[in-house]
Amino acid sequence: MSVLLKIEKLTVAYESGAQRIFAVNNVDLEIFQGEIFGLAGESACGKTTLANSILRLIKPPGKILSGKVIFDGVDLLSLRDTELQKIRWEKIAYIPQASMNALNPVLKVYDQIADVVKAHKKGISQEELRKRTEELFMSVGLSPEVLKMYPHELSGGMRQRVIIAMSLILNPILLIADEPTTALDVVVQRGIVQLLKEINKKFGVTILLITHDMAVHAQIVDRMAIMYAGKIVEVGPVREIYEKPLHPYTQLLIASIPRAGEKKRLAGIQGLPPDLRNPPPGCKFHPRCPLKMKERCETEEPLIMQITDKRGVACHLYNR
Amino acid sequence: MRNVSKTFASGFLFKKRIVAVDKVSFGIPGGKPIVFVLAGESGSGKSTIAKIILRFIKPDEGEIFYRGRNILSFNSKELFLYRKEVQAVFQDPYSALNSIYPVDHILSITAKKMRVDQNRDIDDVIDEALISVGLRPEEVRGKYPYQLSGGQRQRILLARALIPRPRLIVADEPVSMLDASLRAEILNLMIDLKNKHGASFLYITHDLSTASYVGDLMAILYRGTLVEIGTVDDIINDPLHPYTQLLMISIPIPDPSKRWQERIATPEFSAFRGLVSGCKFYERCPLRREDCRKAPPSLRKVGGRYVACYLY
C-alpha cells in the first residue's frame, strides 16, 4: 500500500501571553491510500488541532511551529495560499465538527453545493452540475428532492448526509471527518457509519476519521492511532489494538467502554488529563498510569517505537 | 405517571403542533432503590417527561403521582418537600453551574435551605456531599466552575443533588458530554449512590450501552409513545418491539471482530412531524401489516413486560 499522507514531526502550539501550550507535540503519522484511518483520544488530546493543521486551518493564537504534511509528494505547509486552495475540497475534503449545523439557513441545499463547485470549477455547465449533484445525492442515500429544501427542514442525519455529499462533489482523494456521528441518534449514526464505509469502498476515497467514540472506530476503521496530551501513544491495525492494547492509556480507555448486556464493573482512569500549561515531566500519562516505573517514566519522555512492522507504541514498558 | 400528554405548538400563528408526549403511563416502584431508564432518541419526548416530573412544565392531560399524591395539586409546603426529595442533574455540566460563584458557595445555597438535619453545620454537610461523590473537599473548595473539569463539575452537580437526601434523582443525559473514561466513573458513582444512599434514579438517555450498564428497569419511547417496558436484562437480551430491535442492532459494539454485517435501511424523515393515525412506527417497521395503520396499539403484557405492538 502506498502512503497518501505523511505527517512528519508536526508541532502546533497555542500562545497566550507568556504561556505556550503544545496542542500537537512532535507527531509522526502515515495514512495509506484507500484505507480508513481512525484518530482517537479524549477531549483536548490534540486530534482536532492535528486535523486542522493538515489543511493549514490553524488561526492565531494557534501556530504551526514545525513539521511537514506531505501529500502526494508535496509538503502542504510549504505551499502558497493559492496553491493550497486548489488542494482544499478538490483533493482533500474536510468535514469539521458540528458542520451539519453550519449550513447556510437562507440558501437551498442545491444553491450551497453550487456555490462550492463554482468557486473551484468556474467552467462547469448548469446541466452537468445538476446531474452530478443528483447522482451524488442518490449515492449518499438522499432523494434529489432534498436539493430544493432548506437546511432547517431536514433532520440531523439528513443534514450530515448533505455535508458528506458536499465534501465529495469535487471527487477528493482524501476525506477528513471530525466527529461526524456525535450528536446523532444511534440508528442514524449507524447509517452514517455505513455510508462512510461505502464511500471508501465504492469511490476509493481514503478517510481520516476523528472521533473519541471507540465503538465507532471498532466498527469501521482499518488502522488507528490514539492520542494523549498532544502525542500519539499507540498506532496499529484496529483488530490488534482491541485484542491486545499495549499502552496503559489504551488499555484503560478500552476498559471504560460499556457494552450492552455486560455488567462487569467499568474501569475509569483515575486523575485528570494534564494541564498543558504546566505539563508533568517525562511521560505525560505517568501521573495516572497504574504501570508506571517511577524513575524512568517521571523523567524521560518515551518516543514511539515500532514493536512490529505494523504496531507502534510510546511507552517505556516496551523499551527496556 | 398516568396518561400524561403534552403537545407543543410552534411556527407562525402556532399552526404546527408537535405531540411531544402521547398518553404515557409508567411507574417507578418504591421500596428498594432502583435505576429506571427512560430511553429514546431525540424527539422521543423523554426530556419533556423529565420536565413534567420536575414540575418545570405542566402536562396537557394526565396525572403524576409521587408516593400516592398528585404532584399537580401540591400546596407550597408539599411542593417544597417534593423538591427536596426529587432532585435533578442535567446534561451540560458546563452551563449548569453559576460561574460567578465558587463551587462550595453554590453547594452552601442548597445546604442552607434543604439540608435534612437543620442542626448540622453547613460546612460538614458540604464536605460529606463532596466526599460521597469522590471529590476531596480541599481540592475543590474555593474553586470556580471553570477551574474544574467536566467530570468534576458533574460530580459537583450530583453532590448538590444529594444534599437534601433525595429519594429520586432525575438525571437527563448526565454523561453524554463527558469523555469515555469519565463516563465510566460517573456511571459507577450513580450505582454506588443508589446502593449506599438509597437514592433511585430516573436515568434519561439515548445511549443504550450506558443504560444497560446502570439500569434495572427500562421504558423505551418512540415519538412520544411508550413502546416497550420491562427489565433492562430482558429488553437487551430479547427486544420485542420492532423499534427496540432496531435500536439494539444499531448500537456500535466496541469490538472489531463483531462488525455490522448487513446493511440496514435507515430512512430518515424531515423535521416536522404531523399527527399520525395508527402505530407511529408503521413507516419504518419491517414487520408492519395493514392493521397497524388503523389504530395505535396499546401496551399489552408479554411475559414479564409490556409491549405496544400488534405482533403480540
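Laboratory data are not the source of any read-out in this text; all were calculated from the coordinates shown. Not measured: the values here are computed from a predicted model. For neighbour counting, all protein chains shown are included, and Cβ atoms are generated from backbone atoms with ideal geometry for every residue, glycine included.
State the antiparallel share, in %, of DSSP beta bridges confined to chain A, rounding to the nearest 5. So the antiparallel bridges in chain A amount to around 60 percent. 3J(HN,Hα) couplings calculated from phi for the stretch B:100-109 with the Karplus curve 6.51 cos²θ - 1.76 cosθ + 1.60 (θ = phi - 60°) are, in sequence order, 8, 10, x, 5, 5, 5, 4, 5, 5, 4 Hz; Gly and Pro show x. Express in whole angstrom the spacing between the alpha-carbon centres of the stretch B:103-166 and the stretch A:303-320. Between the Cα centre of the stretch B:103-166 and that of the stretch A:303-320, the gap is 44 Å.
Note on chain B: dipole from Cβ charges, positive end direction compared against B:Val133, B:Gly30, B:Tyr310; the farthest Cα belongs to B:Tyr310.
Residues B:Val175, A:Val117, A:Val106, B:Val24, ranked from the fewest to the most other C-beta atoms within 10 Å, line up as A:Val106, A:Val117, B:Val24, B:Val175. In plain terms, the residue of A:Lys284, A:Lys201, B:Lys143, A:Lys294 with the fewest other Cβ atoms within 10 Å comes first and the most crowded comes last, giving A:Lys294, A:Lys201, B:Lys143, A:Lys284.
Charge dipole (Cα centre; +1 on Lys/Arg Cβ, -1 on Asp/Glu Cβ; no other charges) of the protein assembly as shown amounts to roughly 1220 debye. Axis of helix B:76-85 versus longest Cα principal axis of chain B: the two differ by about 90°, to the nearest ten degrees.
Taking label points 7 Å from Cα along the Cα-to-Cβ direction, A:Ser78 and B:Ile57 give a separation of 5.9 nm. Whole-Hz Karplus values for the stretch A:278-291 come out as 8, x, x, x, x, 5, 5, 8, 4, x, 10, 8, x, 10 Hz, taken residue by residue from phi with 6.51 cos²θ - 1.76 cosθ + 1.60 and θ = phi - 60°; glycine and proline positions read x. Beta-bridge orientation, chain B: approximately 55 percent antiparallel, per DSSP, counting only bridges with both partners inside.
Between the stretch A:21-58 and the stretch B:207-228, the alpha-carbon centres lie 36 Å apart. Computed extension length for B:Arg120-B:Phe65: 16.6 nm, one decimal, from 0.36 nm per residue of separation with the Cα-Cα distance subtracted.
Against the compact-protein benchmark of 2.2 N^0.38 Å, the Cα-based radius of gyration of the stretch B:1-160 scales to 1.23.
Note on the protein assembly as shown: dipole from Cβ charges, positive end direction compared against A:Gln270, A:Val233, B:Trp260; the farthest Cα belongs to B:Trp260. Near A:Asp275, once Lys and Arg are set to +1 and Asp and Glu to -1 for all other residues with Cβ below 14 Å from its Cβ, the sum equals +4. For the cross-link pairs A:Lys108/B:Lys6; A:Lys6/A:Lys202; A:Lys63/A:Lys118; A:Lys47/B:Lys143; B:Lys51/B:Lys294; A:Lys263/B:Lys194, the ones whose C-alpha atoms lie over 21 Å apart are A:Lys108/B:Lys6; A:Lys6/A:Lys202; A:Lys63/A:Lys118; A:Lys47/B:Lys143; B:Lys51/B:Lys294.
Mind putting a number on the dipole of the stretch B:34-80 about its Cα centre? Charges go on the C-beta only, +1 for Lys and Arg and -1 for Asp and Glu, and I need it in Debye to the nearest 20.
The dipole magnitude comes to about 240 debye.
Annotation note: trypsin sites (Lys or Arg not before Pro) in the stretch A:42-132 located in DSSP loop regions with a Cβ neighbour count of at most 10 within 10 Å are A:Arg80, A:Lys122. Pull out the extension gain between B:Lys112 and B:Val302, defined as 0.36 nm times the separation in residues minus the alpha carbon to alpha carbon distance; nm, one decimal. Difference between extended and current length: 63.6 nm. Relative to the longest principal axis of the Cα atoms of chain B, the long axis of helix B:122-132 makes an angle of roughly 50 degrees.
Springs join every pair of Cα atoms under 10 Å in this Gaussian network model of chain B, and among B:Ala96, B:Ala171, B:Ala219 the largest mean-square fluctuation is at B:Ala96. Contact order for chain B, expressed relative to its length and based on alpha carbon pairs under 8 Å spaced 6+ residues apart, stands at 21 percent. Among the helices of chain A, none built from whole DSSP H runs has Cα atoms reaching 30 Å or more along its own axis together with a mean Kyte-Doolittle hydropathy of at least 0.5.
When DSSP beta bridges are restricted to pairs lying wholly in the protein assembly as shown, around 60% turn out antiparallel. What FRET efficiency comes out for the pair A:Met305/B:Ile100, r = Cβ-Cβ distance, R0 = 35 Å, nearest 0.05? Efficiency computed from Cβ-Cβ geometry: 0.10. Note on B:Lys113: lysines with a C-alpha under 21 Å away, same-chain residues under 8 apart excluded, are B:Lys77, B:Lys84. With the charge dipole of chain A set up from +1 on Lys and Arg Cβ and -1 on Asp and Glu Cβ about the Cα centre, the Cα lying farthest toward the positive end among the listed residues A:Pro290, A:Val74, A:Pro144 is that of A:Pro290. The phi-based Karplus calculation (6.51 cos²θ - 1.76 cosθ + 1.60; θ = phi - 60°) puts the 3J(HN,Hα) values of the stretch A:309-314 at 5, 10, 10, x, 8, 10 Hz, whole numbers, x for Gly and Pro. In terms of Cα to Cα distance under 14 Å, which aspartates and glutamates are near enough to A:Lys121, apart from those fewer than 8 places away along the same chain? Reachable aspartates and glutamates: A:Glu90. So for the pair B:Ala9, A:Glu8, with labels modelled 7 Å out along Cα→Cβ, what separation do we get in nm? So the two model labels end up 6.8 nm from each other.
Assuming charge only on the beta carbon of Lys and Arg (+1) and of Asp and Glu (-1), the dipole of the stretch A:1-45 about its Cα centre is about 140 debye to the nearest 20.
Under the combined filter of DSSP loop state and at most 15 neighbouring Cβ atoms within 10 Å, the stretch B:1-109 retains these chymotrypsin sites (Phe, Trp or Tyr not before Pro): B:Phe56, B:Tyr94. Summing +1 for each Lys or Arg and -1 for each Asp or Glu, what net charge is found among the other residues whose Cβ lies under 14 Å from the Cβ of A:Ala102? Within the 14 Å Cβ shell, the charges total -2.
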